[in-house]
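Each remark here refers to the structure printed beneath this line.
Any read-out appearing in this document is the output of simple, stated calculations on the displayed coordinates, not a laboratory observation. What you are looking at is a predicted structure, and each value in this text was computed from that prediction instead of being measured. Methodologically, a virtual Cβ is constructed for each residue, glycine included, from the backbone with ideal geometry; neighbour enumeration extends over all protein chains shown.
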Amino acid sequence: MTTQDTPPALIESSHRAVVICYSTLLLIFTLYALWQIPGGNVTAIVVLWLIKSLPLLIFLPGLRARKLRTYAWLSFVVLLYFVQAVQTAFTQDARLYGIAVSILLSLLFCALVVYIRTYRGYYKTPL
């Protein structure tokens, strides 16, 4: 990619959608953990938050650098999170949380796929 190339609007808008969904997902994980603190063990809640968030935070430097391989690996990891979110959606206590997270993960996966496909089509680069 040279400095004179201006990427298509679809690449930029899908990148923006990835960043928004990714940030919102981390925010939801944090807010849900904070919501659980008054009635639970703070140490356990923090450890569970770290277990949920650290695998996603690993991808942050690659997303900021717009490395295509990072987007591809994140799309695989999102599918694992989606399975857990669907299981959570079927529990009585956390139904809304599970539904919200599964919808957000679906949006994130779609944005990742659109970004990868559009980027590879425009720049003709392999992963």
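Some points to look at:
- Trp73 paired with Leu96, simple spin-label distance in nm, labels 7 Å along Cα-to-beta-carbon: 3.6
- Mean residue ellipticity at 222 nm, helices only, the chain: -27000 deg cm²/dmol; runs of at least 4 DSSP H residues each add -39,500 (n - 2.57), and the sum is divided by the number of residues.
- Efficiency of FRET between Ala44 and Lys124 - r from beta-carbon atoms, R0 35 angstrom, step 0.05: 0.10
- Cα pair count fraction exceeding 21 Å, expressed as % - the stretch 9-121: 37
- With neighbours defined as other Cβ atoms within 10 Å of a residue's Cβ, the residues Leu26, Leu105 order from fewest to most as Leu26, Leu105.
- Distance in nm between pseudo-label sites at Ile51 and Ile20 (7 Å out along the Cβ direction from Cα): 3.2
- In plain terms, the residue of Lys67, Lys124, Lys52 with the fewest other Cβ atoms within 10 Å comes first and the most crowded comes last, giving Lys124, Lys67, Lys52.
- J(HN,Hα) series, the stretch 21-30, from Karplus relation 6.51 cos²θ - 1.76 cosθ + 1.60, nearest Hz, glycine and proline x: 5, 4, 5, 5, 4, 5, 5, 5, 4, 5
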